[in-house]
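Peer 1: Here it is, the structure, as structure tokens.
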Amino acid sequence: MYAISLGDDGAELRPLEPWQAEEFLAHVDRGREFIGRHNGLPDIITDLASSRAYLQAYADKAAADAGRICGIHWDGRLVGAVILRRMDVGQGTAEAGCWLEPSAAGKGLVTRAARVLIDWAVEERGIHRVEWWVSSGNAPSIAVARRLGMTRDGVLKESYLYRGVRHDEEIWSVLAPAWRARKEKKENA
């Protein structure tokens with residue numbers, strides 16, 4: 001298995017695979033309430049079988065070149081993930097997402113991990129447009145979209161029914177030329 005360093009603090013990005021279902025379930029259990037404020041993952045991952053099925057669904061997406069999931073590890077422990085929920089290489093579009101357990105919040109881990117995943121999608125898979133769909137009430141995730149250089153395309157009013165309440169969803173995006181220009185600017189700074 002490979003790991004990509006996310007900086008000098010020991011954080012790493014690693015693929016998540018079905019054989020890691022037990023570790024993944026333990027991670028979701030540690031962050032269940034925190035993650036569940038804006039993300040339905042804790043409602044889906046309730047036991048070892050559902051954890052394995054979720055990771056298998058992403059293994060199937062990876063095999064079909066239609067999505068990815070990578071775990072964020074900090075101090076050797078799985079503390080979050082970044083995903084390409086959907087990826088259409090033919091159309092050149094993808095939707096990225098993330099979550100993090102509370103012990104790892106505020107360290108820039110999601111931003112660093114999302115940069116690696118988006119860079120892979122743009123440079124290796126030829127993705128032209130990466131979207132970030134987020135509940136309007138999820139300020140930390142909106143801040144990540146901003147730090148990634150994304151722009152808000154619009155708001156879908158009350159489009160997301162979550163736990164019986166309708167929420168507005170914002171769509172943020174970055175296009176490959178803007179992604180590359182921002183990356184080049186940082187490299188030349």
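The values are calculated or read from the model by the stated rules, or taken from the named source; none is laboratory data. Here the structure is a predicted model, which means the values were calculated and not measured. Counting neighbours? That spans all protein chains shown, and the Cβs are built from the backbone with ideal geometry, glycine included. Calculation scope for accessible area: heavy atoms of the full protein, side chains included, ligands and nucleic acids excluded. Shrake-Rupley method; radii C 1.70, N 1.55, O 1.52, S 1.80 Å.
Peer 1: Just to be sure I understand: with springs between alpha-carbon atoms less than 10 Å apart, which residue in LEU16, LEU100, LEU161 has the highest mean-square fluctuation in the Gaussian network model of the chain?
Peer 2: Residue with maximal mean-square fluctuation among LEU16, LEU100, LEU161: LEU161.
Peer 1: To the nearest 0.05, what FRET efficiency results for ARG32 and ASP65 with a Förster distance of 30 Å applied to their C-beta separation?
Peer 2: After rounding, the FRET efficiency stands at 0.45.
Peer 1: Leaving out ligands and nucleic acids, note down the accessible area per residue over the range 34-167 with a 1.4 angstrom probe, in whole Å². Walk me through the numbers on the way to the answer.
Peer 2: Values: 6120 Å² over 134 residues.
Result: 46 Å² of accessible area for each residue.
Peer 1: When the accessible area of the chain is computed with all protein chains present and a 1.4 Å probe, what percentage of it is carbon and sulfur?
Peer 2: Accessible surface attributable to carbon and sulfur in the chain totals 52 percent.
Peer 1: Using a Gaussian network for the chain with springs between C-alpha atoms less than 10 Å apart, which of these wobbles most: ALA81, ALA121, ALA26?
Peer 2: Comparing ALA81, ALA121, ALA26 in a Gaussian network model of the chain, the most mobile one is ALA26.
Peer 1: Let me ask something else about it. Using each residue's phi in the range 98-109, evaluate 6.51 cos²θ - 1.76 cosθ + 1.60 at θ = phi - 60° and report the 3J(HN,Hα) Karplus result to the nearest Hz, with x for Gly and Pro.
Peer 2: Whole-Hz 3J(HN,Hα) from phi for the range 98-109: 6, 7, 8, 7, x, 5, 10, 5, x, 10, x, 5.
Peer 1: Taking the square root of 5 times each eigenvalue of the Cα gyration tensor, what semi-axes in Å does the equivalent ellipsoid of the chain have, largest first?
Peer 2: Whole-Å semi-axes of the equivalent ellipsoid: 24, 21, 17.
Peer 1: Right, here's the next one. Which of these, GLY71, GLY149, GLY106, has the largest mean-square fluctuation under a Gaussian network model of the chain (Cα springs below 10 Å)?
Peer 2: GLY106
Peer 1: Would you mind counting up the charge near SER159? Only other residues with Cβ under 9 Å from its Cβ, with Lys and Arg at +1 and Asp and Glu at -1.
Peer 2: -1
Peer 1: Under a Cβ-Cβ cut-off of 10 Å, what is the net charge of the residues other than GLU123 that fall near it, where Lys and Arg count +1 and Asp and Glu count -1?
Peer 2: Values: positive: ARG125, ARG180, LYS183; negative: ASP119, GLU124.
Net local charge, GLU123 excluded: +1.
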